[in-house]
Amino acid sequence: MRPSVQEMIASSNGKKNKKVIEKIMPVLLFLIASVSVLTSVGIVVTLIVETITFFTRVPFFDFIFGTTWLPFSNKDAQFGILPLIVGTLKVTLIATVVAVPIGISAAIYLSEYASENVRRILKPILEVLAGVPTIVYGFFALTFVTPILQSVFPEIKIFNAISPGIVVGIMIIPMIASLSEDAMSSVPKSIREGALAMGSTKFEVAWKITVPAALSGIIASVVLAVSRAIGETMIVSLAAGSTPRFDGDFTGSIQTMTAYIVQVSKGDAGYGTTIYYSIYAVGFTLFVFTMLMNILAGYVSKRFREEY
Amino acid sequence: GSTDTGQETSSGEAGVEGTVSGDGSSTVAPIMEGIVEEYAGVQPGVQVTVGTSGTGGGFEKFIQGETDFSNASRPIKEEEAASLEEAGIEYTEFQLAYDGLSVVVSQENDWVEDLSVEDLKKLWVEDGSTKKWSDINPEWPDEEVVFYAPGTDSGTFDYFNEVILEEEDLVSSATLSEDDNTLVQGIQADPNAIGFFGYAYYVANQDTLKVVSIDGVEPNNETIESGEYAPLSRPLFTYANNASLTDNEAAYDFMTYTLENAGAMADAVGYVALPQEGYDEGLTELEALK
Amino acid sequence: MRYIEQQAVVKRMNGRLIANNIFKYLFLAATLVALVALVILLYRIVSQGMGHLSIEFLTNFASRFPEKAGIKAALVGSLWLMLVVAPTSIILGVGSAIYLEEYAKQNRITTFIRMNISNLAGVPSVVFGLLGLTIFVRAMALGNSILAAGFTMSLLILPVIVVGAQEAIRSVPNELRDASFGMGATKWQTIVKIILPAAIPGILTGSILALSRAIGETAPLIVIGVPVIIQFLPVGVMDTFTALPMQIYDWSSRPQPEFQTVAAAGIMVLMAVLLFMNSIAVIIRNKFDKRY
Amino acid sequence: MTTIVTEKALTEELVNDSAKKAVYETNQLNLWYGANHALKNIDLEIMENEVTAIIGPSGCGKSTYLKTLNRMVELVPSVKTSGEILYRGRNIFDNDYGVEELRTRVGMVFQKPNPFPKSIYDNIAYGPRIHGIKNKKILDEIVEKSLRGAAIWDEVKDRLNENAYSISGGQQQRICIARALAIEPDVILMDEPTSALDPISTLKVEELVQELKKDYSIIIVTHNMQQAARISDKTAFFLNGEVIEYDKTDTIFSNPSDKRTEDYISGRFG
Amino acid sequence: MTTIVTEKALTEELVNDSAKKAVYETNQLNLWYGANHALKNIDLEIMENEVTAIIGPSGCGKSTYLKTLNRMVELVPSVKTSGEILYRGRNIFDNDYGVEELRTRVGMVFQKPNPFPKSIYDNIAYGPRIHGIKNKKILDEIVEKSLRGAAIWDEVKDRLNENAYSISGGQQQRICIARALAIEPDVILMDEPTSALDPISTLKVEELVQELKKDYSIIIVTHNMQQAARISDKTAFFLNGEVIEYDKTDTIFSNPSDKRTEDYISGRFG
Ligand SMILES: Nc1ncnc2c1ncn2[C@@H]1O[C@H](COP(=O)(O)OP(=O)(O)OP(=O)(O)O)[C@@H](O)[C@H]1O
Ligand SMILES: Nc1ncnc2c1ncn2[C@@H]1O[C@H](COP(=O)(O)OP(=O)(O)OP(=O)(O)O)[C@@H](O)[C@H]1O
Ligand SMILES: [Mg+2]
Ligand SMILES: [Mg+2]
Ligand SMILES: O=P([O-])([O-])[O-]
């Protein structure tokens, strides 16, 4: 007869080993989790060191309040970042106008109307849309959307803010749709049933119950998508042009912060020139922007959180 | 094996192995691509990589000692040369080919045939006024000129800037793009458009664009090679790290092959070869470095 | 007294039902807009690139002759890239997620790490490119090797993987943890034997989607300075390489119109890789859906 | 637990009964969840202004039957039904019978309190609002009346603008009842309305049900037999999707005619 | 429901009792979830080879007490305890008492069946494996023995490699019991093990519990008073975190000494 299980357990010698692992793993995992913090530190340090050099050459206030961005000028190069910010905002604005209504509508359709099977098919397809490389979108904007726009509105130039704006919008639709759908689906079924049992139509349930209840999640998804639009690079590099402009015109060539970084990365500026340092200053501005968006997202989702 | 270059190769002693890396001008890239492609057949043991970070970006890496050679669509700048000296890197400049900057308009434009260098400057320099075609020639339409130019951070632009603008600012209404193909598209569609870019892009789009002769000279292989198409033809270069040539057998072998084949390759991809003496000079210089 | 008149209710009912229907189709239409965009996108690429697609296209190196140009170096390079990115980002991502979900106490450091991760998720990829250039390419002297690009991409998609893995781990019912602890299992045993196996479908789906983002990213590669002219295949992670989006970007800026077709064919290959990865994610998700 | 029913009382009740009308008549109702036959040949007649209790062990089909009465069960895609349910004489399965209309007439209270994540006021005003009542004064009146009707006015009258999830579970459940009352339904369906509540809240809800039957017909599902005995007029005992016995509550609990009913009531299973 | 306890039977039981040893002695146990005082001055002595039932209304602390016995309650970070629990004479709160060791001796079965999403075989072999038993033959033996012990061997012996979620809820629960048996514990804690089961599965589990008490000491929390009456030897009645009454099951149900116990048992609340 074999010994009892408890005896075998008592005699099994894995014990010491176990204790050591139990002690080591939390520390190891903590170190792994710290990599993301190191990444942020790395980003900030990388950007700041070069940015500081930049500010020894260009006064800080000229940079953040300047309305002319002329880095390549031979006579007097000017580094006022506002035109790049305005360019970024133009594209972001259009992308938001396109993506928010469509994205949220799609989310409502998926979470409130679509059957399980339809949702199972549509969601992965939307994910494909989110996964299309941005360079592909860039050519799509330049060679398809822009010509269509031009045939309707002849005043639109080959490079403009509208076409890349629309395409960036298309790119972030899945993000809004999918995250908002998650937020709506996590509204308990029982609450929906409560409303249906009172004789509400599906639309009333969606509009008056689900959307308000999921509002914090929906807004957070929008903020996240907007920060993706701000940081989008290849689409604007290809289709928005490279003319930094401080005005309200959407039909002509513009330049965004990201496109400027790519322009210099692919370009001719020598190491150690002010232009070289300027990409770090622009990168840092971009980083600050996305950080602000993130703080906003955190605030918004707290502020609009409905309890249930 | 090489069929299209037609050059006899003095390199290619079998069994050379190693890695060679270069970076730099995207204008030079098509020539380099052809050379690397052929070279891979001749010397399979040598691994060559060439980046396209632009002339400036290439020099940046060259200064850091990260590359064996650096392609350039303009001569090295003083600052860059100074940095190289500081870093203790000795280098040699080799000329590879000529590129003719082509000034083009749409085929729908039926008035412009020829412009002088002064006309170009008048058109392209920012002076606060709106530019109309009739400003150049009263017989031309009273329409606003639409400008297209390569990105201000490219070697191509740099060259135009130096010889036409003479360091004045570019007209601010110009549409700029890093991608020359989009310039082609923009100019094609608009009769009032004018733009400039590398000769190769004109050659590839001859049927939709109209090239403007400068002071009566139209860019073609002869006028560019002879220097008659002045001042808008420019030499393309590669700069080699001397230490690499001495220490790295593969780098030396590849550079030899490059100089032997650059001319034919340039013609094949839409640039203009140097007169043969140009390459021979380079080869002599190279030999001296071994 | 009655406030709700049945007659009024019935009268209004019609309008409400019509509104319901109208909105249903509006919402459906919005969903279809996205799909139509995808279809047009795919159609254009396929119709342009199909003619160039062939076995030779997959087995040839790039060439100055459009008809001979192939994508071998870029395809293999991208696969090598994934070979670095997948293990790096999944180990880091899942490790962080385990720490945050299973070990972290509710304190300021934890909150800071969480905030930091959600913040990183919004940082543009160009900025990661600048980070990679400074840290991996220059400071760590990895040059523009597969390793340098792979680390950069890993950090870029790390937040996505962490968040996905956190969600997957969180959705493992607490009852399973209780059952394991109740048998005298230690925490690490419970994590390895119960939680991770149960969470693996979720973790994998999230990771695959994140990896498919990494395979299509162009901007960081441009900033790092990944070369495109390359006539050999890498054999180790320290080798230089080129990747699909770089090659496509390069082709599309060539003067000869034939190269536009080559670029489209390249995009088709990239999209095929992506669709392949996404469908694996979908299969995993559907297979393991609702098991407890 | 035996209650002695005198001749006289019995007669009185029968007289009462004959005066009452049926709100629901269920005829040969069958229901399947996919292949699972969850309700089998149900025949039941439910009377106006009474409390009808439905009891039975877990999984016997109580909730399913209740949800069929307002067609909420159709939210499960795999559901199939046969037979008919007449509500006030009209078959609710008729093609031209709008579910929204039916549900406006038939209120429902669920097992777990499920207020909307809105203020208490907005919870109650939700129903009237979707039916087009916009007038603030009328809404105020309805809210007050419904909250009073659900015996919770005094507890919440000073915090009508607070989120409904900020109050206790028992209060939430009464808010849900008030919400159902606000559209002045004809019938109220309750699915184990007290099972998530503490003893004191349970008592309050039970008292409320007794109160409400003056104006409404109430059908209540419960696990708790004592509760059924305490508050209902009629009781139906379900087992495996069938109605085993349906009778006056007193009869069911004192003198069940089926052995299985007796076993269940005496706690032999369930 | 009255059971008449004869003098003789009583004496016999008392004699039995004195021969039995206590597995758990709880002395002045207090427990707080943050500021919520969930267990108050609990004193309880639990005997070997008996079934001890814990009853009481929802939220009274039954589960909390059970989870304290194997220190599972400490998984809630805010928990604080005072007092002592002696398991086989040793205080489980002692610093050098490893929780893993305690839990190896004390098995637990939960309210909802919670098999691991693995094969039936791997579910049962999980415990032995984590404690270092790797030998395939021994594992096979343990699996068979445990499944037989949980009265489910015949039903699953041909499908040991199937996922444990492919069988019915009642079978799942017995798998969970078998899983607990696999490490041959000394005590088995059960938290409402039948509340999610149908009547027939409930019956099977109840029979099993009766069977198991030969070899194990069992502590079972239940909502169902009939169940407590049917299967337990002793019953403790909890209310608001206190032990109101603890006695032989027969005594509790026939002749409770506290009014509140009586009220609860007769269904006046809960
Ligand atoms: N949504 C559903 N899909 C499939 N089957 C279901 C669904 N809801 C219930 N069932 C099945 O229908 C039968 C009756 O379930 P129902 O919920 O009506 O029981 P119940 O008497 O209300 O039980 P409980 O007391 O546990 O609430 C059960 O066998 C159940 O498994
Ligand atoms: N994880 C927890 N955190 C905080 N408080 C808790 C937690 N679990 C239980 N409580 C509280 O402790 C008290 C006792 O809860 P416990 O779960 O022990 O009750 P119970 O008797 O098992 O009830 P039920 O019959 O509903 O299972 C309750 O007031 C409950 O709200
Ligand atoms: Mg039910
Ligand atoms: Mg409990
Ligand atoms: O790439 P460039 O030739 O424009 O420097």
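Odds and ends about this structure:
- For A:PRO212, the conditions (1) modelled with pLDDT of 90 or more; (2) in a loop (DSSP other than H, G, I, E, B); (3) more than 22 Å from the chain's Cα centre (by Cα) all hold with the exception of (2).
- Hey, B:ASP68 in contact (Cβ under 8 Å) with a residue 40 or more places away in the chain, within 12 Å of ligand 5 (Cβ to nearest atom), buried (at least 20 other Cβ atoms within 10 Å of the Cβ) and under 23 Å from B:GLU281 (Cβ atoms) or not: no
- Search result, residues across the range A:260-278 that are in contact (Cβ under 8 Å) with a residue 40 or more places away in the chain and either within 20 Å of the chain's Cα centre (by Cα) or more than 9 Å from chain B (Cβ to nearest Cβ) (or both): A:TYR260, A:THR274, A:TYR277, A:SER278
- The condition (being farther than 27 Å from B:ASP180 by Cβ and within 13 Å of chain C (Cβ to nearest Cβ)) is satisfied by just one residue among A:LEU224, A:LEU142: A:LEU224.
- Inter-residue pairs, beta-carbon under 6 Å, first within 8 Å of another protein chain (Cβ to nearest Cβ) and in the range A:198-213, second outside any helix (DSSP H, G or I), 6+ apart: A:ILE209/D:PHE116; A:ALA213/A:VAL187; A:ALA213/A:GLU306; A:ALA213/D:PRO117
- Restricting attention to the range C:183-196, the residues that are more than 7 Å from every other protein chain (Cβ to nearest Cβ) and of a type in the set (A, V, I, L, M, F, W, C) total 4.
- Members of the range C:122-150 found to be part of a helix (DSSP H, G or I), within 7 Å of chain A (Cβ to nearest Cβ) and within 21 Å of C:GLY95 (Cβ to Cβ), listed by number: C:LEU131, C:ILE135
- Single residue of the range B:134-160 satisfying the filter (without any contact (Cβ under 8 Å) to a residue 40 or more places away in the chain and in contact with a strand residue (DSSP E or B) (Cβ under 7 Å, 6 or more places away or on another chain)) that is farthest from ligand 2 (Cβ to nearest atom): B:ASP142
- Scan of the range E:80-104 for residues that are in contact with a Leu (Cβ under 7 Å, 6 or more places away or on another chain) and either within 15 Å of ligand 4 (Cβ to nearest atom) or within 14 Å of chain C (Cβ to nearest Cβ) (or both), ordered by number: E:TYR87, E:ILE92
- Annotation note: Cβ proximity below 9 Å between a residue of the range C:103-121 that is more than 8 Å from chain A (Cβ to nearest Cβ) and without any contact (Cβ under 8 Å) to a residue 60 or more places away in the chain and a residue that is in a loop (DSSP other than H, G, I, E, B) and crowded, with 18+ Cβ neighbours inside 10 Å (sequence gap 6+ or interchain) occurs for C:THR110/C:ALA104; C:ARG114/C:ALA104.
- Any hit, the range A:53-76, residues being among the aliphatic types (A, V, I, L, M), touching a strand residue (DSSP E or B) at 6+ places or on another chain (Cβ under 7 Å) and under 27 Å from A:ILE235 (Cα atoms): yes
- Considered as a group, the residues in the range A:219-251 that are buried (at least 24 other Cβ atoms within 10 Å of the Cβ) and part of a loop (DSSP other than H, G, I, E, B) include one that is nearest to the chain's Cα centre (by Cα), and that residue is A:GLU232.
- Residue count for the range C:212-234, restricted to those that are of a type outside the set (A, V, I, L, M, F, W, C), part of a loop (DSSP other than H, G, I, E, B) and farther than 18 Å from A:VAL236 by Cβ: 4
- Number of positions in the range A:1-47 that are surrounded by 15 or more Cβ atoms within 10 Å (Cβ to Cβ) and either within 28 Å of A:ALA281 (Cβ to Cβ) or away from chain E (no Cβ under 14 Å) (or both): 17
- All told, B:THR182 meets the bar of being β-branched (Val, Ile, Thr), on the phi < 0 side of the Ramachandran plot, free of Cβ contacts under 8 Å to residues at least 60 places away in the same chain and touching a Leu at 6+ places or on another chain (Cβ under 7 Å).
- When residues of the range D:25-56 are limited to those that are within 14 Å of another protein chain (Cβ to nearest Cβ) and surrounded by fewer than 18 Cβ atoms within 10 Å (Cβ to Cβ), the one nearest to ligand 2 (Cβ to nearest atom): D:ASN36
- From the list A:ILE295, A:ILE279, A:ILE261, A:ILE254, the one residue that fits, being closer than 24 Å to A:ILE170 by Cα and in a helix (DSSP H, G or I), is A:ILE261.
- Count of residues meeting criterion [at the interface with chain C (Cβ under 9 Å from one of its Cβ atoms) and either in contact with a Leu (Cβ under 7 Å, 6 or more places away or on another chain) or in a loop (DSSP other than H, G, I, E, B) (or both)] in the range B:21-59: 6
- Residue that is farthest from the other protein chains (Cβ to nearest Cβ) [pool: residues in the range C:151-182 that are free of Cβ contacts under 8 Å to residues at least 12 places away in the same chain and surrounded by fewer than 21 Cβ atoms within 10 Å (Cβ to Cβ)]: C:ASN174
- Candidates D:GLU207, D:GLU211, D:GLU192, filtered to the one that is under 26 Å from E:PRO57 (Cβ atoms), within 22 Å of the chain's Cα centre (by Cα) and within 16 Å of ligand 2 (Cβ to nearest atom): D:GLU192
- Count of residues meeting criterion [part of a helix (DSSP H, G or I) and at the interface with chain B (Cβ under 7 Å from one of its Cβ atoms)] in the range C:235-251: 1
- Within the range A:68-85, none of the residues are exposed (fewer than 15 other Cβ atoms within 10 Å of the Cβ) and either within 30 Å of E:GLU101 (Cβ to Cβ) or under 30 Å from the mean Cα position of the chain (by Cα) (or both).
- From D:ILE218, D:ILE183, D:ILE188, residue being of a type in the set (Val, Ile, Thr), touching a Pro at 6+ places or on another chain (Cβ under 7 Å) and buried (at least 22 other Cβ atoms within 10 Å of the Cβ): D:ILE183
- The one condition from (1) more than 8 Å from every other protein chain (Cβ to nearest Cβ); (2) away from ligand 1 (no atom under 14 Å from the Cβ); (3) closer than 22 Å to E:ASP247 by Cα that E:LEU208 does not meet is (3).
- Of the listed requirements (1) more than 16 Å from ligand 4 (Cβ to nearest atom); (2) touching a Leu at 6+ places or on another chain (Cβ under 7 Å), E:GLY61 misses just one: (1).
- Search result, residues across the range B:162-184 that are assigned to a helix (DSSP H, G or I) and more than 7 Å from chain A (Cβ to nearest Cβ): B:GLU162, B:VAL163, B:ILE164, B:LEU165, B:ASP180, B:ASN181, B:LEU183, B:VAL184
The values are calculated or read from the model by the stated rules, or taken from the named source; none is laboratory data. Note that this is a predicted model, so its numbers are computed, not measured. Here Cβ is always computed from backbone atoms with ideal geometry, including for glycine, and neighbour counts include all displayed protein chains.
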